[in-house]
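S.K.: The structure is given below, and queries will be raised subsequently.
Every number in this text was worked out from the coordinates using simple rules, so none of it is lab data. Bear in mind the structure is a predicted one, so any value in this text is a computation, not a measurement. So basically every Cβ, Gly included, is an ideal-geometry build from the backbone, and we count neighbours across all protein chains shown.
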Amino acid sequence: MRIANLTHGALFMLGAYLGVSVMRYVPNLWLAALAAGLAVAVFGALLERLVLRKLGGNVLGQVLVTLGVSFIIADACLLVWGGDPIPIQTPALLQRPVQIAGFVFPAYRLAVVAIAVVVALVLFLLMEKTRLGAMIRAGVDDPQMAGAVGIPVSRLFTTVFFLGAALAGAGGVIGGPIMSAYPGLDADMLPLALIVVILGGVGSLLGAFAGAFITGFVYTFGVALLPDLAYVILFLPMILVIAFRPRGLFGKFAA
Amino acid sequence: MRFTRRKFMQATGAAAAASAFPSFAQAGPMRLGLMTVKTGPLASGGIDMERALVQYLKEAKNTIAGRKVELFVGDSGGVPAQSRTKTQELVERDRIQVMIGPLDTASALATDDYIRQAQLLTLSVAAAEDMTQRKPNPWFTRGTSTSSQCAMPLADYCAKTLKMKRMVVIADDIAYGHEMCAGFHRVFEDAGGKVVQRMFPPLTVPDYGTYLAQLKTNVDGIFLGFAGSNGFRYLRQMNEYGLLKKVTPVGGMTALDEAVLRNMGDEALGIVTSCWYSAEIENAINKRFVANFRVDNGYDPGFYAAATYTEAAVLDQTLQKIGGRIEDKQAFMKAVRSGTFDTCRGPVRFDQYGNVVGNIYIRKVERKDGRLVNRVIHTYPNVSQFWTYKPEEFLKNPVYSRDFPPYKNLES
């Protein structure tokens with residue numbers, strides 16, 4: 001736990017590619033997202049069990065390993081699925097644009113927004129209202145103490161990795177109709193995830209939510225108003241927040 | 001064995017004779033290097049380069065101008081610094097005598113100095129304008145196109161044939177994108193049109209939603225100057241926003257390449273692009289190339305495969321002319337610059353700066369035998385990198401960029 005997991009971009013991409021393969025046999029995006037999420041989750045759990053576990057306490061080693069694994073995933077995807085971009089079909093019901101108050105908006109994107117809200121809510125309830133969530137929070141705050149009162153911290157961390165990887169993998173498939181699966185998708189997604197986490201604060205669900213919200217809005221409006229400074233606008237808020245609040249907006253730990 | 005004066009004279013005499021009458025044709029195999037990309041995001045094109053070159057050599061029974069060919073392949077991963085290192089490795093360890101590649105502009109620029117220093121004969125695919133304009137490298141030639149060489153005829157076509165008056169340009173925020181848009185914009189405005197909006201999204205932006213939301217719809221068309229998979233993603237998202245019906249897209253030479261076309265759907269139908277190649281070109285060389293390539297790989301060759309196949313033909317025919325003497329670098333470069341060549345893209349020649357002069361094709365996406373193809377609908381013959389401008393005047397201007405020529409008709 002408390003690992004800066006740099007494989008997340010690669011897991012997202014792996015999910016997208018697995019979704020592509022699943023959809024060749026079962027042309028249903030939601031089933032593909034489930035299947036890819038599950039497969040990526042197993043991969044994430046194994047990664048935690050077999051590799052990261054051995055590097056307990058060695059933070060730099062863990063970061064380096066996750067970075068290395070993400071390169072390996074990227075080239076393995078290139079080997080299996082080739083270098084050409086592969087589209088993922090939008091579900092037929094959501095293909096047409098919708099008109100809302102004079103603005104044209106793709107229906108599928110609205111669906112993705114709705115899914116994101118549901119996932120955020122479920123995660124919130126899981127962390128705050130369930131026994132599992134309480135144990136995770138205890139395990140993160142003080143692993144020794146949690147272990148002493150009988151919480152299976154080790155198994156818990158594997159579970160968390162499983163869930164995190166599942167979300168990344170399923171996210172790759174759900175993002176697929178907008179972004180397609182292509183080499184380099186991992187590197188395009190990872191910085192966004194890092195910015196969201198660092199801006200919002202490590203270890204805080206509310207922080208991640210706020211971070212994502214701020215990043216999305218700042219980036220979208222920034223690009224529209226000052227198109228030449230797209231990356232400045234993306235990273236500047238993060239730098240400002242870190243300068244004044246090193247733990248991020250809602251973070252428990254230093255980023 | 002004692003070393004007598006007679007033996008010494010015999011030995012030196014033989015050496016002198018050998019150097020006075022070089023018999024290069026018997027000098028053993030020619031060592032050919034291919035600098036490509038087989039890992040990372042650019043690998044799709046890079047792997048096609050290798051496949052096309054291997055096919056060419058197979059068709060030539062691995063013999064060019066009477067000499068056996070030994071092929072050495074370097075993989076830069078698309079990283080400029082690594083491209084330079086690998087080129088050096090190809091030259092100094094594998095002792096290559098001529099190189100095809102590198103694939104991308106940044107790698108070509110990073111290797112520029114080394115090519116000069118090692119006097120490495122280079123047949124490149126990369127599009128960087130100034131490598132054959134204001135800073136020509138004497139050992140560098142390009143048989144494909146500069147960034148803007150295909151965009152300028154397309155602008156002419158948009159203004160004169162498609163009768164477009166107001167257009168938007170969009171491209172990746174890299175030199176290649178800037179140069180393409182600049183060429184397009186200059187010719188389009190010289191023909192009486194107006195570029196009213198321009199956008200340069202970062203190369204790695206995963207989602208074009210923001211750029212689509214601000215796209216002007218009171219225009220006749222939008223020029224897509226994207227590379228790699230970006231044009232493909234932009235078009236899909238344009239379709240998703242219902243914009244394809246309102247704004248007509250036209251594309252540069254890498255926007256709707258055969259490589260991305262095979263993964264596209266009906267949204268691509270009818271889109272006009274310009275390129276120095278199309279798998280649909282009707283000539284004997286191309287027909288054989290496409291047929292064999294399809295048999296081996298199951299898909300149509302695109303930009304990178306055709307580029308390498310073209311360069312291999314230029315290499316082959318140049319060597320025929322100078323009797324296979326690849327060792328004579330000056331003669332080789334002179335022969336490249338003074339000859340004409342028959343290639344899969346049609347007949348080509350090279351200008352004094354080492355850049356190709358050849359046909360540029362205006363193409364339209366159509367469905368044929370169930371797959372999407374770029375059918376040629378118009379040909380601009382013998383287009384040079386200077387379009388119809390005078391080379392001297394063209395070169396007096398700064399190189400095409402983000403801000404040159406200045407965009408004067410932008411509307412906010």
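S.K.: Which one of A:Gly172, A:Gly184, A:Gly150 has the biggest mean-square fluctuation once chain A is modelled by GNM with Cα springs under 10 Å?
M.R.: A:Gly150
S.K.: Follow-up question, since we're still on this one. What are the lysines whose alpha-carbon lies under 18 Å from the alpha-carbon of B:Lys396, with same-chain residues fewer than 8 places away excluded?
M.R.: Of all the lysines, those that pass the test against B:Lys396 - Cα under 18 Å, at least 8 places apart if same chain - are B:Lys135.
S.K.: With each pseudo-label sitting 7 Å past Cα toward Cβ, what's the A:Val119-A:Asp141 distance in nm, one decimal?
M.R.: 2.8
S.K.: In addition: Among A:Val197, A:Leu185, A:Thr158, which residue has its Cα furthest toward the positive end of the charge dipole of region A:115-255, with +1 on Lys/Arg Cβ and -1 on Asp/Glu Cβ?
M.R.: Towards the positive end, the residue furthest out is A:Thr158.
S.K.: Using the Cα atoms of region B:61-188 to build a convex hull, what is its mean projected area in square nanometres?
M.R.: About 10.1 nm², averaged over all directions.
S.K.: Given DSSP loops and a limit of at most 13 other Cβ atoms within 10 Å, what is the longest stretch of chain B that contains no such trypsin sites (Lys or Arg not before Pro)?
M.R.: B:246-407
S.K.: Continuing with the same structure: Can you work out ³J(HN,Hα) from phi for every residue in region A:113-119, in order, using Karplus 6.51 cos²θ - 1.76 cosθ + 1.60 and θ = phi - 60°, giving whole Hz and x for Gly and Pro?
M.R.: Karplus values, whole Hz, x for Gly and Pro: 4, 4, 4, 4, 4, 4, 4.
S.K.: May I pose another question? Distance between Cα centroids, region B:85-156 to region A:3-36: provide it in whole Å.
M.R.: Here the two parts' Cα centres lie 39 Å apart.
S.K.: Another question, then. What does the extension gain come out to for B:Lys396 and B:Gln330, with contour length at 0.36 nm per residue minus their alpha carbon separation?
M.R.: 21.0 nm
S.K.: For B:Lys368, give me every one of the lysines with a C-alpha distance below 22 angstrom, ignoring sequence neighbours fewer than eight places off in its own chain.
M.R.: Once the sequence-local lysines are set aside, what remains near B:Lys368 is B:Lys287.
S.K.: Please compute the Cα-Cα pair-distance distribution of chain A with 5 Å bins starting at 0, giving whole percents from short to long.
M.R.: 1, 6, 11, 15, 19, 18, 14, 9, 4, 2, 1, 0
S.K.: Here is a follow-up. When the distances between all Cα atoms of the protein assembly as shown are binned every 10 Å from zero, what whole-number percent does each bin get?
M.R.: Using 10 Å bins, I get a P(r) of 3, 14, 23, 23, 17, 11, 5, 2, 1, 0, 0 for the protein assembly as shown.
S.K.: When only alpha-carbon atoms are used, what values of Rg and Dmax, in angstrom, describe region A:184-255?
M.R.: Cα-based Rg and Dmax for region A:184-255 come out at 12.0, 35 Å.
S.K.: Between their Cα atoms, which of B:Lys58/B:Lys364; B:Lys68/B:Lys321; B:Lys194/B:Lys246; B:Lys68/B:Lys334 are more than 20 Å away from each other?
M.R.: Too far apart for the 20 Å limit: B:Lys58/B:Lys364; B:Lys68/B:Lys334.
S.K.: Taking only DSSP H segments of four or more residues, each worth -39500 (n - 2.57), what value at 222 nm results for chain B once the sum is divided by all its residues, to the nearest 500 deg cm²/dmol?
M.R.: Numbers: 13 runs with 155 residues, N = 412.
Rounded to the nearest 500, the figure is -11500 deg cm²/dmol.
S.K.: In chain B, which longest range has no GluC sites (Glu not before Pro) that are both DSSP loop (not H, G, I, E or B) and surrounded by at most 16 other Cβ atoms within 10 Å?
M.R.: B:1-281
S.K.: Moving on to the next point. Tally Lys and Arg at +1 and Asp and Glu at -1 over the other residues with C-beta under 14 Å from the C-beta of B:Ala291: what net charge comes out? Provide the component values of the computation, followed by the final result.
M.R.: On the way: positive: B:Lys58, B:Lys287, B:Arg288, B:Arg294; negative: B:Glu59, B:Glu280, B:Glu282, B:Asp296, B:Asp300, B:Asp369.
Residues near B:Ala291 contribute -2 overall.
S.K.: Right, something else. Contour minus end-to-end for B:Arg116 and B:Gln320, with contour as 0.36 nm per residue of separation and end-to-end as the Cα-Cα distance? Present the calculation step by step, with values, prior to reporting the outcome.
M.R.: Values: separation 204, 0.36 × 204 = 73.44 nm, distance 2.47 nm.
Length gained, B:Arg116 through B:Gln320: 71.0 nm.
S.K.: Pick from A:Pro143, A:Pro85, A:Pro227: which residue has the top mean-square fluctuation in a GNM of chain A where Cα pairs under 10 Å get a spring?
M.R.: Taking springs between Cα atoms under 10 Å, the residue moving most is A:Pro227.
S.K.: Would you kindly give the portion of the calculated P(r) for chain B that falls above 27 Å, as a percent of all Cα pairs?
M.R.: Here the long-distance tail beyond 27 Å is 51 percent of all Cα pairs in chain B.
S.K.: Okay, moving on. Residues of region B:263-280 with backbone nitrogen within less than 11 Å of a virtual label 7 Å along the Cα-to-Cβ line of A:Arg96, please, listed as ranges.
M.R.: What the label zone holds, given the 11 Å backbone N cut-off, is no residue at all.
S.K.: Further question on the same structure: List the residues, sorted by chain then number, that are 5 or more residues from B:Phe72 or on another chain and whose placed amide H is less than 5 Å from its amide H.
M.R.: B:Leu32, B:Gly33, B:Leu34
S.K.: Once you have the Cα-Cα distance between B:Asp369 and B:Asn382, take 0.36 nm times their residue separation minus that, and quote the gain in nm to one decimal. Spell out each step's value before the answer.
M.R.: Values: separation 13, 0.36 × 13 = 4.68 nm, distance 3.11 nm.
Separation in residues times 0.36 nm, less the Cα-Cα distance, equals 1.6 nm.
S.K.: Among the lysines, select those whose C-alpha is under 22 Å from the C-alpha of B:Lys86, and discard any that sit fewer than 8 residues away in the same chain.
M.R.: Within the straight-line cut-off, B:Lys86 pairs with B:Lys38, B:Lys329.
S.K.: Cα centroid distance between region A:125-139 and region B:199-261, in Å?
M.R.: 45
S.K.: Now, a different point. Enumerate the helices in chain B for which the Kyte-Doolittle hydropathy averages 0.5 or more and the C-alpha atoms extend at least 30 Å along the helix's axis, using complete DSSP H runs.
M.R.: Flagged H segments: there are none.
S.K.: Gap in Å between the Cα centre of region A:61-110 and the Cα centre of region B:303-355?
M.R.: Answer, in whole Å: 42.
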